[in-house]
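Report on one structure; see the data block that follows.
The values are calculated or read from the model by the stated rules, or taken from the named source; none is laboratory data. Just so we're clear, the structure is a prediction, and the values are computed from it rather than from any experiment. Heads up, the Cβs are rebuilt from the backbone with ideal geometry, glycines too, and the neighbour counts pull from every protein chain shown.
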Amino acid sequence: MADNEAIKRQFAEVFGEPDRTRIIRAPGRVNLIGEHTDYNEGFVFPMAIEPEVRFVVRGREDGRVRLASTAYPGQIVEFSLQEKIARAEPAWSNYVRGVAAQLLVAGIPLTGMDALISNTLPVGGGLSSSAALEVGTAWAFLVLGGLEIDVSRLALICQKAEHEYAGVPCGIMDQTAVISSRAGHAMLLDCRDQSRQYVPLDANELRVVIVNSMVKHELSGGEYAQRRAQCAEGVAYFRNLNPSVRALRDVTVKQLEEARGELSDLVYRRCRHVVGENARTSEAAVLLGRRDYERAGQLMVQSHNSLRDDYEVSCPELDFLAAESMKVKGVYGARMTGGGFGGCIVALVQPRAVDALVEHLRQGYSARFGKEPVAFVTNPAPGAGLLE
């Protein structure tokens, strides 16, 4: 947790006395299961986590936006809300520019602001640091303008900003989880209609352990777009057979098996991951609601294997962390989380097994890969909001 007084002092160093400031937090998120299903209109099962992005903001009357980040000391970014907002360097500022631009396109009047951004989320770790930045920006503009907006609409605005200003064709999960999560709960999200079902996770029985491989991924690279295109190829095939098929969400396991010889092996395997993952995600939410942690954990392991073998978005570091986690007594399940090619694993763990898991992974990973993984334990956190 960031210290509000400390970040106010940092604000004062950059922008002068922190009078009339507001403080907004936007959490990261971890996805317990349901990877690469969101842009296929399927199911995901995320929760907000305690690491977060905080904004200290103050309104301006001249329509200008000035940004500083504790991650990039000495760097001040400035743009005007009264001119066309274009993508520009530094790259991190495009998340803010994009949200401002999309809010204006949506007809929402904005006031200028000074903003200091403080981040306890690892960038490129698959924990939605970008969505937290987008949602925090949107909240800052809304708070300063005294405005409110439907949360589903806000998620779509932030998603569009990421598509058009960061060049990442993300689904809707990240923004929705950052905005709409509840403390003490994971959220089963239907990415087709954005309906949400909250499942309590009892901290006395279960801990969520996230382990960062310290391998960074870059989702605006081509791999993510390739996977989306391969899914679209599968959808086109099934739509020819049945015009009601809109997305892989609408394809059953039986239909997929019948198409095995018709699709290329690559497209078949991509589709098999998504169709199977949708089923696993819905089932895992039910099992966790019943506190059947063992079977929910088995589904997490199956999810990782599918992401590794069928969707091919894992890497040796993630495979090692997931496999080694399952050797520790008291670990129910472990899998890679996020877009892949690096980032983090997530594990569901008995509280008494947390220390043993973290130490086992630290020793084994360092010996194998010559670097220290960074692990932290989290409970499900609330979604974004105004702190003061």
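Can you name the condition, by its number, that residue 134 falls short on among (1) part of a loop (DSSP other than H, G, I, E, B); (2) in contact with a Gly (Cβ under 9 Å, 6 or more places away or on another chain); (3) of a type in the set (Asp, Glu)?
Answer for residue 134: the failing condition is (1).
Of the residues 67, 110, only one is surrounded by 13 or more Cβ atoms within 10 Å (Cβ to Cβ), assigned to a loop (DSSP other than H, G, I, E, B) and not assigned by TED's automatic domain parsing to the domain that holds residue 250; which?
110 is the lone residue from the list that is surrounded by 13 or more Cβ atoms within 10 Å (Cβ to Cβ), assigned to a loop (DSSP other than H, G, I, E, B) and not assigned by TED's automatic domain parsing to the domain that holds residue 250.
How many of the residues in region 256-271 are closer than 27 Å to residue 32 by Cα and touching a Phe, Trp or Tyr at 6+ places or on another chain (Cβ under 9 Å)?
Final tally of qualifying residues: 5.
Of all residues being among the aliphatic types (A, V, I, L, M) and more than 14 Å from residue 270 (Cβ to Cβ) in region 305-327, which is surrounded by the fewest Cβ atoms within 10 Å (Cβ to Cβ)? Just the residue, please.
This residue is 323.
Would you mind stating whether residue 33 is part of a loop (DSSP other than H, G, I, E, B), assigned by TED's automatic domain parsing to the domain that holds residue 131, among the hydrophobic types (A, V, I, L, M, F, W, C) and under 30 Å from residue 300 (Cα atoms)?
So residue 33 passes the test.
Is it fair to say residue 244 is within 20 Å of residue 39 (Cβ to Cβ), out of contact with any helix residue (DSSP H, G or I) (no Cβ under 8 Å at 6 or more places or on another chain) and of a type outside the set (Val, Ile, Thr)?
no
Looking at region 44-60, is at least one residue at pLDDT 95 or above and in a loop (DSSP other than H, G, I, E, B)?
Taking every residue of region 44-60 in turn, at least one turns out to be at pLDDT 95 or above and in a loop (DSSP other than H, G, I, E, B).
Can you pull out every residue in region 177-198 that is among the aliphatic types (A, V, I, L, M) and within 14 Å of residue 32 (Cβ to Cβ)?
177, 186, 187, 188, 189
Need a quick list: helices (runs of 4 or more DSSP H) entirely within region 273-388 having at least 3 residues that are in contact with a helix residue (DSSP H, G or I) (Cβ under 8 Å, 6 or more places away or on another chain) and within 26 Å of residue 257 (Cα to Cα).
293-309
If you take the residues of region 12-49 that are buried (at least 24 other Cβ atoms within 10 Å of the Cβ) and among the aromatic types (Phe, Trp, Tyr), which of them is farthest from residue 288 (Cα to Cα)?
Ranking the qualifying residues of region 12-49, first place goes to 43.
Would you confirm whether or not region 168-186 contains a residue that is charged (D, E, K, R), part of a loop (DSSP other than H, G, I, E, B) and out of contact with any Phe, Trp or Tyr (no Cβ under 6 Å at 6 or more places or on another chain)?
No: region 168-186 contains no residue that is charged (D, E, K, R), part of a loop (DSSP other than H, G, I, E, B) and out of contact with any Phe, Trp or Tyr (no Cβ under 6 Å at 6 or more places or on another chain).
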